[in-house]
Amino acid sequence: MSSSPAQQLPPGWAAEWHESRASAIPIHWSVLSRLAANSNSEAPNHAETASGHTQWEPPSQLPESQPPSTAQPTAQSHHGKRRQYAAGQTQAYYGAAEVAADPGYGVAPGLQPQPAGGQLFTPGLASENQFQAQQAQVPGQPSYYSQQPPDQPLAYGADPAATAGGYGSQPGQQPQYIQPGVDALAGQFGQMGLAGGQKQFQLYTSNLLTSPPEPKELHRPPPEIRLPPNSSISPSPLANADPSYQRCTINAIPTTSSLLNKAKIPLALILTPYRSLKDGDEPVPVVTDTVIARCRRCRTYINPYVQFIDGGNRWRCCMCNMSNEVPQLFDWDTARNQPGDRWSRAELNHSVVEFVAPTEYMVRPPQPAVYVFLIDVSHAAVQSGMVATATRTILENLDRIPDEDQRTKVAIICYDTSLYFFSVPPGSDSSMLVVSDIDDVFLPKPTDLLVNLAESRPTLEALLGRINDMFQENNIIGSAMGPALQAGFKLMSPIGGKIVVLSASLPSVGAGALKNREDPKILGTAKESGLLQAASPFYKTFAIDCSRAQVSVDMFLFSQSYQDVASLACLPHYTSGQTYYYPAFNAARPEDALKFAREFGDVLAMPVMLEAVMRVRASRGLRMSSFHGNFFVRSTDLLAMPAVPQDQSYAIEIQIEEALTTPFVVFQTAVLHTTCYGERRIRVVTLALPTTTNLSEVFASADQIAITTLLANKAVERSLTHKLEDARDFVYQRLVDILMAYKTSMTSGGAGASAQLAISDNMKMLPVLVLGLLKNVGIRQSAQIPPDIRAYAQALLTSLPSQLLIPYIYPTFYSLHNMPAEAGTVGEHGIILPPALPLTSERFERHGLFLIEDGQTIFLWVGRDAVPQLITDVFDLPGYDVLRGGKITLPTLENEFSQRINAIVQKIREMRRGVYYPHLYVVKEDGEPPLRLWALSALIQDRADVLPSYQQFISSLKEKVNTT
């Protein structure tokens, strides 16, 4: 037995292997023998996998229609900050302490929630006084929210103000953090085997009847991921995916489908593969040497959860257990042309990496980025100011359009009931070519319609400055959007790229013509869901043609009247684009022009992944069963995405097909794409999660944010295939099922009637999030919601990343007139926000100033008894009587209160990922009823119309759980 070179691992590192399982025997590297490859674990090239997994071929032999799988976004929301937290605590990655727990919505990484007042008896809610005991703060212990552990910054998305005790906070409901020294000690005991090698999830129970929703709970990170010791070959805190890239509804995977069914919690991944980078985020590491190590059988990319065997000459796949050769160049530094350090390779230390793809990953050379703008110039579009605003925004943002390699191409086509092409030859004036035959669309010129942005820049600038004047007197009413789409497609289909449609009226002539089907009589009835489905098959069939030719479509819709958003949103849905909607747009209102110009400019500047395909792989026994989001499913599990915008979210449901026998499982998302700078790459996102046979661990590891994101996608899908009522019933029943399962399995009440409504502490916000979803415009029961507004809300529910989706479902509510002195000033993490209030009008005061926001809209609620000085300080007006409600641009005045409120509004508009720039509305307590009702509808804990209050909702849940 010869020992392998000790220098392959730094001193003190440990490695693990088992001849038949990728798991759990820790062996010191210094005594690791050269393992002969296990004959039964070897498989010939291109062998079929067992258990129904897809068969994989070497990349060079993959059919062109299915490029090798691809990868997902990265888990690096705050690398520098997490490094700072992990310093000096490496034992956490060897012992029983947490392994790379990643921050989610808000507090510092690695905090272990512990309810104050001691642990509740579980299973079993024995008596009411246990909940009363939970209300009491334990003396001498710092509160989780009132004090951060030293030197631990908040995770991305956190509200620094949420760390202070605030309105409505109940002292006893706040978990405590464990001090780092205790964690370190636990880790050392784990190494000695005293803790059984892996810290168990502790299940804490909340009674929903006595635990009102606490908004700052949503800023807590998801339940930590507790992998067995030595699961990862890297001690890096970045070895597991950050939840902003990839998160799972359950962070301890049940080993059998029967255990999963018993818990009733859906199993799914929530992905945002191309997450944007904020200040402080490190870029995704790029592997440039084109050494891409993949499993020969299941095609998994090498990652921190594989094992090196045979003296480091081979590696064992963490998905299928196959033994693979380590590529010869894996330990070679090509940049310096000398031996390299294997252990510093990005793919062994980071859960999110990007590989520069060699030629065998290309069906054709990387294509340039292409943007074709289709601009509606009908009477309505010109009169609303859309044409002038759009052309000016394109002109001002030409420098921001991705064009590092000087290959980006641009075309402009205008349309009303005819098509207007523009020939833009470099170095000379542009000319307009009119095509009136919209039944058989053709390109009037073979060249100079699609031009190089850099070469034709002066001509393009001159043209954009003139378009609005050309059509200023246009009185034509009507829209040939379908033929314009066909023309744009013909122009760019040999290359692929992005069609950007700007439309201010209902498509009325030619292919894809639509009729006004808005009928107030069927709103709120069973027939309403028909208005949310595409009225014409053109949009889906054209979208599939686009997907095949790598063409993506973005829709910007501006109609003053019905525009059939449901039909038009089909194009972005199947081509991985996005829909933006500006109802009753009027550029004469500066707020309308500013919102559109900001969002459109950011979309133009956004880097996009082109010609992308995405595939998610998982450990043996797991299968991706259904997919939700904007893409086209090309084969059973290959998602075609012609252009992937940043911060678009996807949900993928998972089935457990056979019992899981490994101590942890791995999910890997791969996105093969061309960058908008002309380089073929593969983005790989890896997430490892422990397995469990313990039902209480399944409940204790459930991620309420991920579950809500999945339910939003499922609800929208069900509203289209069935009825809106079915969608609401489905979401409600899933919540009842979870509560029933918890009561039956985890409480002493069991199956009998109970005076309590129990849920695990980590899911106690799930009922209010479900209530928020049921009250969201996308699926809410109402006969007053225009179909366009509802269809747009559904587009948002299925595409927003969790960080934007959660406030869209559960808005944020602040009191401004009495906010703490530090709110609105600059703190360690930027502008400090006031503490969030529960979403109920009981918090309103008649003399107060309040802010409600959902990421899409901001309301400033002004009480009718507001003192004149407050009105003067904020609005520069003498008093409440002269204040007008409606859309507003808040003045910045020479007083501290005005500056603090402006800073808070600015922070709200900038703090989340995404291009949205919310409108600000002033709402007077006794102002216009429609505006008041709109603002009040955001307070989802109140009763509204036929919709229950939170207390009524919880009571109905209790009754349902007790009688089922």
Scan region 692-737 for residues that are touching a residue at least 60 places away in the same chain (Cβ under 8 Å) and either open to solvent by 40 Å² or more (accessible area, probe 1.4 Å) or among the charged types (D, E, K, R) (or both) and report the count. 12
Could you list all residues from region 499-536 that are modelled with pLDDT of 90 or more and closer than 30 Å to LEU638 by Cβ? ILE499, VAL500, VAL501, ALA511, GLY512
Here is a list: ASP416, ASP439, ASP403. Which entry is open to solvent by less than 60 Å² (accessible area, probe 1.4 Å), in contact (Cβ under 8 Å) with a residue 12 or more places away in the chain and farther than 30 Å from GLY678 by Cβ? ASP416
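I need the strands (runs of 3 or more DSSP E) fully contained in region 294-397, keeping only those with at least 3 residues that are over 30 Å from ALA487 (Cβ atoms).
307-309, 314-316, 323-325, 352-356
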Within region 241-250, which residues are open to solvent by less than 10 Å² (accessible area, probe 1.4 Å) and in contact with an Asp or Glu (Cβ under 6 Å, 6 or more places away or on another chain)? ASP242, THR249
When residues of region 316-342 are limited to those that are open to solvent by less than 30 Å² (accessible area, probe 1.4 Å) and hydrophobic (A, V, I, L, M, F, W, C), the one farthest from CYS298 (Cα to Cα): PHE330
Any residue that is closer than 30 Å to ILE302 by Cα, modelled with pLDDT under 90, assigned to a loop (DSSP other than H, G, I, E, B) and touching a strand residue (DSSP E or B) at 6+ places or on another chain (Cβ under 7 Å) - is there at least one of those in region 231-246? yes
Go through region 634-663 and give me each residue that's surrounded by 22 or more Cβ atoms within 10 Å (Cβ to Cβ) and small (Gly, Ala, Ser). ALA640, ALA643, SER649, ALA651
Across region 917-959, the tally of residues that are in contact (Cβ under 8 Å) with a residue 40 or more places away in the chain, part of a loop (DSSP other than H, G, I, E, B) and among the charged types (D, E, K, R) stands at 5
Test each condition in (1) without any contact (Cβ under 8 Å) to a residue 40 or more places away in the chain; (2) open to solvent by less than 20 Å² (accessible area, probe 1.4 Å); (3) among the acidic types (Asp, Glu) for ASP519 and report the one that comes out false. (2)
Check region 891-900 and report whether any residue there is within 21 Å of PHE813 (Cα to Cα) and surrounded by fewer than 19 Cβ atoms within 10 Å (Cβ to Cβ). yes
Determine the pairs where a residue that is under 16 Å from LYS887 (Cα atoms), located within region 838-864, has a partner that is acidic (Asp, Glu) and assigned to a strand (DSSP E or B) with Cβ atoms under 9 Å apart, the partner being 6 or more residues away or on another chain. PHE859/GLU853
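Quick grid of which residues meet (1) assigned to a loop (DSSP other than H, G, I, E, B); (2) open to solvent by less than 10 Å² (accessible area, probe 1.4 Å); (3) modelled with pLDDT under 90:
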| residue | (1), (2), (3) |
| --- | --- |
| ASN261 | no, no, no |
| ILE265 | yes, yes, no |
| ILE270 | no, yes, no |
| LYS278 | yes, no, yes |
| PRO283 | yes, no, yes |
| ASP289 | yes, no, yes |
| ILE292 | yes, no, no |
Any residue that is part of a helix (DSSP H, G or I) and not polar (S, T, N, Q) - is there at least one of those in region 574-585? yes
Would you confirm whether or not region 479-492 contains a residue that is open to solvent by 40 Å² or more (accessible area, probe 1.4 Å), within 26 Å of TYR582 (Cα to Cα) and either out of contact with any helix residue (DSSP H, G or I) (no Cβ under 7 Å at 6 or more places or on another chain) or not in a loop (DSSP other than H, G, I, E, B) (or both)? yes
Out of all the residues in region 631-656, which are of a type in the set (D, E, K, R) and out of contact with any Ser or Thr (no Cβ under 6 Å at 6 or more places or on another chain)? ARG634, ASP637
Can you tell me how many residues in region 275-297 are on the phi < 0 side of the Ramachandran plot and touching a Phe, Trp or Tyr at 6+ places or on another chain (Cβ under 9 Å)? 14
Please enumerate the residues belonging to region 664-681 that are open to solvent by 10 Å² or more (accessible area, probe 1.4 Å), aromatic (Phe, Trp, Tyr) and at pLDDT 90 or above. PHE664
Give the residues of region 620-671 that are assigned to a loop (DSSP other than H, G, I, E, B) and under 17 Å from PRO801 (Cβ atoms), sorted by residue number. GLY629, ASN630, PHE631, PRO645, GLN646, ASP647, GLN648, SER649
Looking only at strands (runs of 3 or more DSSP E) that lie completely in region 776-862, which have at least 2 residues being at pLDDT 95 or above and of a type in the set (Asp, Glu)? none
What is the one condition in (1) among the aliphatic types (A, V, I, L, M); (2) touching a Lys or Arg at 6+ places or on another chain (Cβ under 6 Å); (3) more than 30 Å from SER211 (Cβ to Cβ) that LEU837 does not satisfy? (3)
So is ALA944 at pLDDT below 90 and open to solvent by less than 50 Å² (accessible area, probe 1.4 Å) or not? yes
Note on region 528-549: residues among the hydrophobic types (A, V, I, L, M, F, W, C) and part of a helix (DSSP H, G or I) are LEU531, LEU532, PHE538, PHE542, ALA543, ILE544, CYS546
Yes/no for ALA593 being crowded, with 21+ Cβ neighbours inside 10 Å and either on the phi > 0 side of the Ramachandran plot or touching a Ser or Thr at 6+ places or on another chain (Cβ under 7 Å) (or both): no
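The values are calculated or read from the model by the stated rules, or taken from the named source; none is laboratory data. All values reported here derive from a predicted model rather than from experimental measurement. Note: ideal-geometry Cβ built from the backbone for every residue, glycine included; neighbour counts use all protein chains shown. Protein only, heavy atoms only, side chains kept; ligands, DNA and RNA dropped before computing areas. Shrake-Rupley method; radii C 1.70, N 1.55, O 1.52, S 1.80 Å.
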